[in-house]
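A short write-up of the structure that comes next.
The values are calculated or read from the model by the stated rules, or taken from the named source; none is laboratory data. If you're wondering where the values come from, they're calculated on a predicted model, not measured in any experiment. Here Cβ is always computed from backbone atoms with ideal geometry, including for glycine, and neighbour counts include all displayed protein chains.
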Amino acid sequence: MPIIDLKPIENEHQKSLFINHLDALIQTYQHSSFGRSYVDSTKNFVNETEVQVSIDSVDGAILIKIVSDLKNRLLHIEYEDLNNNVLTEKITALIQTALLKSLGSVKQSFYRRFHYTYFGEQLDGEYWVKGVRIAPVYYDEETKQIRNIERYFSIELEVAAIDEHDANAISNEMADIYAARLSLFLDVGISPPRSEQKWFLSENYIESSILRQTGYYGYDHKLERMPKKKEICKLGAYHESLHPYLHYVGETLKLPTETRKIFSALEKSDQLLQLAFNKCCFLYQQALTAGRYYPTVELSYLVAAIDALTKCESEKLIHFGEFIRFYSGADGNVDEFIDFMHGTVRSAHFHAGEFSIGEYSYTRLSTIRYSDVNKKMLEHNYRTCRKLIRNAIANWCQLLINNTCESA
């Protein structure tokens with residue numbers, strides 16, 4: 001069985017390129033495939049695939065074994081023509097081509113568009129951040145200021161990739177990161193569209209409900225390229241900041257003024273910081289989607305978002321409480337609120353299944369005006385903790401911007 005050494009591949013990026021290039025080349029000829037992975041007798045990890053192919057009008061089957069050590073470093077690739085070595089020379093050429101391309105990083109440019117949804121006012125217009133277009137799929141002038149409406153928007157980008165499949169994977173991951181960051185910046189729960197069967201009220205509210213499939217079709221632009229600025233939609237305004245502020249009824253949704261500076265600062269930062277911030281954004285996004293109707297879930301994930309962000313901090317600020325005290329800018333002692341959100345809410349929810357803010361506690365509808373003190377205090381603590389977390393993230397981002405400008 002022929003063997004080609006893969007030790008020239010030195011890092012994860014080159015490894016990913018090699019696998020993707022090889023996959024793209026073989027897909028051109030394959031009819032079907034199946035495979036398995038296992039640890040062999042020499043304690044190496046083997047990914048084994050048998051592929052039915054048709055190459056230059058010759059039908060056959062090839063066996064490919066990609067061998068790595070247990071630290072996930074590529075060692076070599078073994079391959080075999082299972083039909084009398086008719087295709088061995090061609091398979092050798094394909095593998096060598098993939099290896100050369102992975103070391104030379106030969107790529108093309110691809111345009112991709114992804115849809116996401118949220119409930120709230122409409123985006124004020126299209127936004128351009130680091131070459132990525134963020135815009136309403138359909139700019140609805142009549143309902144743009146109504147809050148409790150499902151909105152669709154697109155994230156459009158151009159990526160360098162080796163083929164269509166590689167472009168799909170790279171752009172989807174990048175779009176998800178943008179969506180999570182936007183969820184934090186806009187303070188709204190953003191998620192990919194879901195197609196489900198749901199019950200809907202009849203148009204006259206009298207007839208029986210109707211079971212329909214959810215979905216969105218017919219409003220997107222038809223371009224197969226990146227639109228030009230203002231070609232489809234007006235530019236959106238930037239407004240206020242990441243800090244909590246009063247949202248007035250009748251406004252559209254606008255990105256905070258620091259948005260582009262934060263993206264630029266992150267791009268100039270090390271991988272550890274970028275990863276910590278992205279994890280923070282993903283957890284913040286989960287807080288606003290999974291916790292939309294459950295304040296305990298929401299606050300628990302907001303606390304977890306801060307926990308993720310602390311992973312790029314100095315030893316002094318790697319603990320949640322110290323991070324909040326330093327970055328929130330709060331006047332006075334906030335220990336009570338730190339204990340509440342990290343202990344009473346977050347830890348009790350994740351470790352013991354508690355819903356400490358009272359989602360499953362009910363009282364009778366009373367004629368006598370009586371407000372429970374504990375319930376009011378829970379509501380007060382929830383609002384205060386949310387504000388502390390939001391301010392802490394905003395101040396962290398501002399310090400990131402300042403530090404990046406100073407080092408530039």
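Hey, can you tell me all the residues within region 179-227 that are closer than 19 Å to residue 150 by Cα and among the hydroxyl-bearing types (Ser, Thr, Tyr)? Across region 179-227, the qualifying residues are 183, 191, 195, 202, 214, 216, 217, 219.
Tallying residues that are aromatic (Phe, Trp, Tyr) and crowded, with 16+ Cβ neighbours inside 10 Å within region 158-201 yields 2.
Quick check on residue 177: is it of a type outside the set (D, E, K, R) and under 21 Å from residue 289 (Cβ atoms)? Answer is yes for this residue. Of the residues 144, 107, 130, 71, which is of a type in the set (D, E, K, R) and without any contact (Cβ under 8 Å) to a residue 24 or more places away in the chain? Answer to the selection: 71.
Residue count for region 9-57 satisfying the condition of being under 18 Å from residue 69 (Cα atoms), within 32 Å of the chain's Cα centre (by Cα) and part of a loop (DSSP other than H, G, I, E, B): 3. Consider residue 83 carefully, then state whether it is of a type outside the set (Gly, Ala, Ser), at pLDDT below 90, out of contact with any Phe, Trp or Tyr (no Cβ under 6 Å at 6 or more places or on another chain) and farther than 30 Å from residue 233 by Cα. Taking the combined requirement at face value, the residue satisfies it. Selection of region 203-218 for residues being more than 24 Å from the chain's Cα centre (by Cα) and either outside any loop (DSSP other than H, G, I, E, B) or within 24 Å of residue 143 (Cα to Cα) (or both) yields 203, 204, 205, 210, 211, 212, 213, 218. Every test in (1) more than 22 Å from residue 289 (Cβ to Cβ); (2) over 23 Å from the mean Cα position of the chain (by Cα) is passed by residue 267 save one, and that test is (2).
Of everything in region 269-281, what is surrounded by fewer than 21 Cβ atoms within 10 Å (Cβ to Cβ) and either part of a helix (DSSP H, G or I) or touching a strand residue (DSSP E or B) at 6+ places or on another chain (Cβ under 6 Å) (or both)? Give them in sequence order. Residues satisfying the conditions are 271, 272, 273, 274, 275, 276, 278, 279.
Checking 82, 70, 74, 87 one by one, the residue that is more than 13 Å from residue 31 (Cβ to Cβ) and in contact with a helix residue (DSSP H, G or I) (Cβ under 9 Å, 6 or more places away or on another chain) is 74 and no other. Residue 246 fulfils the conditions (1) touching an Asp or Glu at 6+ places or on another chain (Cβ under 9 Å); (2) within 30 Å of residue 309 (Cβ to Cβ) except for a single criterion, (1).
The residues of region 320-360 that are outside any helix (DSSP H, G or I), surrounded by 12 or more Cβ atoms within 10 Å (Cβ to Cβ) and of a type in the set (S, T, N, Q), listed by number, are 328, 356. Could you grab me the full set of residues in region 237-256 that are touching a Ser or Thr at 6+ places or on another chain (Cβ under 8 Å), modelled with pLDDT of 95 or more and either farther than 23 Å from residue 392 by Cβ or assigned to a loop (DSSP other than H, G, I, E, B) (or both)? The answer is 256, and nothing else.
In this structure, residue 39 does satisfy being loosely packed, with under 14 Cβ neighbours inside 10 Å, of a type in the set (A, V, I, L, M, F, W, C) and at pLDDT 95 or above. Selection over region 116-144 of residues that are surrounded by fewer than 16 Cβ atoms within 10 Å (Cβ to Cβ) and polar (S, T, N, Q) gives a count of 1. Take the conditions out of contact with any strand residue (DSSP E or B) (no Cβ under 7 Å at 6 or more places or on another chain) and touching a residue at least 24 places away in the same chain (Cβ under 8 Å) and apply them to residue 242. Does it pass? Here the answer is yes, as residue 242 does meet what is asked. Considering only residues in region 99-115 that are surrounded by fewer than 16 Cβ atoms within 10 Å (Cβ to Cβ) and modelled with pLDDT under 95, the one that is farthest from the chain's Cα centre (by Cα) turns out to be 100. Return yes when residue 327 is under 18 Å from residue 281 (Cα atoms) and either modelled with pLDDT of 95 or more or of a type in the set (Ser, Thr, Tyr) (or both) and no when it is not. Judged against the criteria, residue 327 is a match. Remark: pairs (first residue in region 32-57, touching a residue at least 12 places away in the same chain (Cβ under 8 Å) and under 20 Å from residue 93 (Cα atoms); second residue of a type in the set (D, E, K, R) and in a strand (DSSP E or B); Cβ separation under 6 Å; 6+ apart in sequence or on different chains) = 48/36; 48/65.
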